[in-house]
Amino acid sequence: MRNRINQLKNEINELTAASMEELEALRIKYISKKGEITTLFNDFREVANEEKREVGQLLNDLKNAAQDKINELKESFSGNNEADQKSDLTRTADPIKLGTRHPLSLVKNEIIDIFARIGFTIAEGPEIEDDWHVFSALNFPPEHPARDMQDTFFIEQNPDVVLRTHTSSVQTRIMSNQKPPIRMLFPGRVYRNEAISYRAHCFFHQVEGLYIDKDVSFADLKQALMYFAKEMFGPETQIRLRPSYFPFTEPSAEMDISCNLCGGKGCPFCKHTGWVEILGCGMVDPNVLSGVGIDPEAYTGFAFGLGVDRIAMLRYEGITSIKLFYENDPRFLGCFRR
Ligand code: DAH
């Protein structure tokens, strides 16, 4: 009896099954009513009385070991193993983790929506541009100091190829190919060879606006920008236009909005002035119009270029560094859902 128990114990330790059917056969062989272990229990009657206690213990251990082994093999086939879960077509699907839109895309789309309501459509242009589209056509003569306003990335092999420093280059492309009226926005990424700080980066985003038609005036420009500022930052927002200089507009201005982080009282973001600059603008210079074949006697137009990153920092109060937009930290990016 003891030998038989030991022998079965070894057998059971070694058991493997390649399928549920094989496992069921093993269950029947060992622990069903007619199984080998059950039979041993029947033979137990014949064991000498003084041995009954010890042999009984061994027999019980054997039965438990067999049951455990069979359960263990069963688990490897049923729901707990991954391969099997995949083939269970009735299982509820795992939730799909949805990504979130980048805050700069959210703000860009909002800018586009606001101007779309007053008839602006969209076009895009290349980030790698030639000198003519970025500078010359926009009235920056060669060697003119105005070129220094934007620290440009050039390549050594060909000084004519630049990374565009502003989306104004798309104005040139569109005006060369389309006849007025033109009422369009040009969103995109721009590059400048600037030191990286919490307010500036070597690349950032702009949305350029252009409106050319008969009788477009500076008052139209001001009205469009005021409408934008109030839609974007709330009806209480104030705007202020300061005279400025850009080679491609005359007259030119920069527009500030009342700082919505401190409500105009003054804070580090607005450098304690209560105002934050968000865009440059002006009336398209007649030289630029004639350079692209539009008659400046018949048409006038306004243009503006706004910085998406700056607007996003104002919009989502508390983004204290532009660098956060480019670090791709999921803890930051996950905060913006829409
Ligand atoms: N391109 C200018 C810049 O990046 C911004 C700008 C100023 C765009 C005046 C315009 C404009 O269209 O009219 O600094």
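Quick note: the coordinates plus some simple rules give every number you see, no bench work behind them. Because the structure is predicted, anything quoted here is derived from the model rather than measured. Cβ coordinates were reconstructed from backbone atoms using ideal geometry, including for glycine residues, and neighbour counts include every protein chain displayed.
Using only the alpha carbons of region 2-86, determine the length spanned along each of the three principal axes and report them from longest to shortest in whole angstroms.
55, 20, 16
Mind pulling up the Rg/Rh value for region 90-190? Radius of gyration and Kirkwood radius, both on Cα.
On the Cα set of region 90-190, Rg over Rh gives 1.17.
Which entries in the list LYS29/LYS52; LYS9/LYS33; LYS222/LYS323 go over 20 Å, if you measure between the two C-alpha atoms of each?
LYS29/LYS52; LYS222/LYS323
Students often check this: by mean Cβ neighbours within 10 Å, which of 273-286, 36-49 ranks highest, and how do the rest follow?
Averaged packing, sorted descending, gives the order 273-286, 36-49.
Based on alpha-carbon centroids, what's the gap between region 201-245 and region 270-338 in Å, whole number please?
Result: 9 Å between the Cα centres.
Cα-Cα pairs above 18 Å in region 156-228: how many percent?
Tail of the P(r) past 18 Å holds 55 percent of the pairs.
Over the chain, what is the mean sequence separation of C-alpha contacts under 8 Å (at least six apart), divided by residue count, expressed as relative contact order in percent?
Relative contact order here is 15 percent.
Which trypsin sites (Lys or Arg not before Pro) in region 125-218 sit in a loop by DSSP (not H, G, I, E or B) and have at most 16 other Cβ atoms within 10 Å of their own Cβ?
Here the sparse-neighbourhood loop sites are ARG199, LYS214.
When the expected Rg is taken as 2.2 N^0.38 Å, what fraction or multiple of it is the alpha-carbon Rg of region 182-338?
1.13
Would you work out the Kirkwood radius for the chain? I mean one over the mean of 1/r across all pairs of different Cα atoms, in Å.
One decimal place: 26.0 Å for the Kirkwood radius.
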